[in-house]
Amino acid sequence: MTSPTLRSRIESILFVASEPVSEKDLCTVTGAADGDVRQALGELREARAESGMALREVGGGYRLTSNPECRDDVERFLLPPKTSMSPASMETLAIVAYLQPVTRAEIESIRGVNIDSVMNTLEQRRFVKEFGRKDVVGRPIIYGTTDYFLEAFGLRSLEELPPLPEGAPKRVEGRVIALPLGDARSASMDQIHESVEGHEDDIAAHSEAKLTHSVADELEHAMREPA
């Protein structure tokens, strides 16, 4: 029996891997040189181009996934009937993605509403997670996006996020600088912060969800004043 090709060996590794595998790890496991591994990955990507599986570079590594063109069929098979993500969830996810590490109070200072149940949704879907506590009074929890978030959007790193809309919130010397708020939102900020600080762990349940829109678009929508 002939020995398997390097492409076949890499394909087998990626098939059983539960998370993206880096090129360095593939070299270590197979004992092959960097150039040979890169060539084999190229051959594998080309071989899978017309199949139901695809080779994707996400989260700093490679993995085999279902073909993006078959996504609707896969989602109908795997997901429960009610899986839409609310606009509030997508807006909040966009803010976390661009401003991380970020606290709930900082998110609410931008959105102008309580986001407890929304954050629970995002944590349930493994798009965001806790990254520790901020070194300020009350030590609020800080949040950021996960490797699964990168995979869901087909991103290799956060540097590949779409450009921010003009005038979007940003960090200046560690502080979140939001857009100017209208009178209605501005008047509610003090009440929001008082209700959030010290209650970061009081999270209400929320429905299942999925991502369907551009992160940049959702962040831009989150910045608009309500009608």
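When every residue of the stretch 15-32 is checked against the conditions, none turns out to be in a strand (DSSP E or B), within 21 Å of residue 125 (Cα to Cα), of a type in the set (Ser, Thr, Tyr) and free of Cβ contacts under 8 Å to residues at least 24 places away in the same chain.
Within the span defined as the stretch 147-162, every residue fails to be out of contact with any Asp or Glu (no Cβ under 7 Å at 6 or more places or on another chain), farther than 21 Å from residue 56 by Cα and in contact (Cβ under 8 Å) with a residue 12 or more places away in the chain. If only residues of the stretch 1-14 that are surrounded by fewer than 15 Cβ atoms within 10 Å (Cβ to Cβ) and either of a type in the set (A, V, I, L, M, F, W, C) or in contact (Cβ under 8 Å) with a residue 12 or more places away in the chain (or both) are counted, the one that is farthest from residue 148 (Cα to Cα) is 1. Scan the stretch 38-59 for residues that are touching a residue at least 12 places away in the same chain (Cβ under 8 Å) and within 28 Å of the chain's Cα centre (by Cα) and the total you get is 13.
Coordinate-derived values only; no laboratory data. Note that the structure is predicted; figures quoted are calculated from it, not measured. Positions of Cβ are backbone-derived with ideal geometry, glycine not excepted, and every protein chain shown enters the neighbour counts.
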